[in-house]
């Protein structure tokens, strides 16, 4: 008996260990993917951002520790950085304004149309991002209906929408809208309707119910949605390239120009890193402010 | 690394010829990402200057891979095939993979640069590159010497293009198409805005009545060539100070909002949708837009450029490549291509052949220019790499990058 007990125990431990190893095996594909397509390029990109040019050989760089790549890049391109965050911020705001009522409707009022509406939200993504952005060129064309309408009201300083900041923000809002709607919907859909009923029963007005019950409970969705919209929007360059003008270039355009046109890989890498760092800082501040660390 | 789906881009190009940029096509679909990876993985090793040849598999492999710019080959509108190319395939049995994946000289170079520097085959037997990029390839030893005996038709090359600075006797390159950068405009809209029927100078292009309704090309040489000429300088021979003055003139027009956008081929879509009235653009594109559109060279001169066929080092089907070059230097074939692409045809005798296809095109000054027209154009000065980089930076800065 005494001899048997320990052995049973050991078997139990082995099984448990095997189970935990299985867990690691399951992680393997994901970790490999991350290592190959994120960790290694990340390190290479960082090393590239510190490289120095070879005298007299354009496009050739050697490993170095040239911190000035960063300060030079920032000094030269701060307007584009600023513009990227402003555009992305405005687009995120608009996306939230459009997405919240829609997600609310789908979650609480759509009934049997719910699945269909969700499909409709995602449906445009079946067409390429690029083609959809091209379509906006037609929608916002000078001779088009929308521009004519706003011109009739005399609301456009340049008599046009296309190739202005308005068009870029509109494109960003549109292109990243599904990333706002889906997390909002997921958060709203989880809310127990009985909580709203209870609030109603306690004589709260519809607005108070929204303010005290629905909105706080949907905050994780708001935070996730704004992040999923803001981050790609800040780094986007297609909207600025196709819908903007020379005055509306964003940081993505500048990075692209440095990589492709100038073959200035260190500057482009440094810009990419500054963009990442700036987004990280903004995101952390935002999450802290929103007080939702435990919700995300 | 080629995650930029040439087929997809080609399909888009087919579908929306007019709205797709030949030079700077939607630098999207992860090209930036692809380039990032390409440069992140590639260690820079100094390029050799001697082109290396690979074992030529042409005799055993009836294949040819050809990379060209979009909308640069005659197309059968109904079937979507390329008639002249089909003819070549059926008469020689060489299976040609024709890919429209050159959208921008720099972007294409970024894609294949690592392989070239490391002395590897880029999987293409012919690439088509603009003069200055072709010059860089030849100087770096990325292009193989052509066997002119295998291209007897190359004697048909028009004299004006027979000798160029970067390839004095054309031993590495053969022109595919040439063209002009000049003034393109929508005739009725131009008349409505300014009362003029045509544009003849950059003064007229920068007329305040056209504010926000003009674009210029993102190809630095084409735009700056026209501006240098406008300021009274010679685009074939100018100084740094003159270039900087031209940049200032451009900046002024950009900052005032006169210039709406700086684009690659996208300007064609913008002209088509009438967002833009006048442009600095490319001859063939504007002509292809139709009767409402006009093209002219500014009185101060336009630029003349050539896109050249090169055989990359280590290409595996060199003889097949030379066969196809020879085929397209047959005047009859060249005329067929010219009747579709509307660019300057580099083949002597094609004008006579064009009489049979379309007599109106046979007299076109843009496809078969007279000496007078050619004399009013400049070939942009050949730049060293350092100059190129410095000028490109100034140009990009002036245009918002």
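The values are calculated or read from the model by the stated rules, or taken from the named source; none is laboratory data. The structure displayed is predicted, hence computed values, not measured ones. Reconstructed Cβ throughout: ideal geometry from the backbone, glycine too, with neighbour counts over all protein chains shown.
Worth a mention:
- Scan region B:63-80 for residues that are exposed (fewer than 15 other Cβ atoms within 10 Å of the Cβ) and out of contact with any helix residue (DSSP H, G or I) (no Cβ under 6 Å at 6 or more places or on another chain) and the total you get is 4.
- Hits in region B:301-322 - residues which are under 22 Å from the mean Cα position of the chain (by Cα), farther than 12 Å from residue B:65 by Cα and part of a loop (DSSP other than H, G, I, E, B): B:301, B:313
- Residues that are crowded, with 17+ Cβ neighbours inside 10 Å and either part of a loop (DSSP other than H, G, I, E, B) or over 25 Å from the mean Cα position of the chain (by Cα) (or both), drawn from region B:183-200: B:189, B:190, B:193, B:194, B:199
- Against the conditions (1) away from chain A (no Cβ under 14 Å); (2) in contact (Cβ under 8 Å) with a residue 60 or more places away in the chain; (3) within 29 Å of residue A:157 (Cβ to Cβ), residue B:249 satisfies every one except (2).
- Of the residues screened, residue B:355 is not one that is out of contact with any helix residue (DSSP H, G or I) (no Cβ under 6 Å at 6 or more places or on another chain), surrounded by fewer than 19 Cβ atoms within 10 Å (Cβ to Cβ) and either more than 25 Å from residue B:261 (Cα to Cα) or more than 14 Å from chain A (Cβ to nearest Cβ) (or both).
- Hey, residue B:342 farther than 24 Å from residue B:167 by Cα and touching a helix residue (DSSP H, G or I) at 6+ places or on another chain (Cβ under 8 Å) or not: yes
Condition check ((1) modelled with pLDDT under 95; (2) assigned to a loop (DSSP other than H, G, I, E, B); (3) not assigned by TED's automatic domain parsing to the domain that holds residue A:227) across all residues:
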position	(1), (2), (3)
A:135	yes, no, no
A:142	yes, yes, no
A:150	yes, no, no
A:163	yes, yes, no
A:175	no, no, no
A:189	yes, no, no
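- Scanning region B:376-386 for any residue that is more than 30 Å from residue B:240 (Cα to Cα), in contact with a strand residue (DSSP E or B) (Cβ under 9 Å, 6 or more places away or on another chain) and not assigned by TED's automatic domain parsing to the domain that holds residue B:226 turns up nothing.
- The residue list B:96, B:102, B:112 contains one member that is crowded, with 20+ Cβ neighbours inside 10 Å and assigned to a helix (DSSP H, G or I), which is B:112.
- Count of region B:383-394 residues which are over 22 Å from residue B:252 (Cβ atoms) and either part of a helix (DSSP H, G or I) or modelled with pLDDT of 90 or more (or both): 6
- Taking the criterion of being farther than 20 Å from residue B:77 by Cα and more than 18 Å from the chain's Cα centre (by Cα), the residues of region B:338-355 that qualify are B:348, B:349, B:350, B:351, B:352, B:353, B:355.
- Every residue from region B:360-401 that is within 8 Å of another protein chain (Cβ to nearest Cβ) and closer than 17 Å to residue B:244 by Cα: B:386, B:388, B:389, B:392, B:393, B:396, B:399, B:400, B:401
Quick grid of which residues meet (1) assigned to a helix (DSSP H, G or I); (2) over 18 Å from the mean Cα position of the chain (by Cα):
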| site | (1), (2) |
| --- | --- |
| B:106 | yes, no |
| B:122 | no, yes |
| B:145 | no, yes |
| B:149 | yes, yes |
| B:161 | yes, no |
| B:169 | no, yes |
| B:175 | no, no |
| B:179 | no, no |
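- Test for residue A:204: is it more than 10 Å from every other protein chain (Cβ to nearest Cβ), modelled with pLDDT under 95 and not in a helix (DSSP H, G or I): yes
- Within region B:201-215, the set of residues being in contact (Cβ under 8 Å) with a residue 60 or more places away in the chain and part of a loop (DSSP other than H, G, I, E, B) comprises B:201, B:213.
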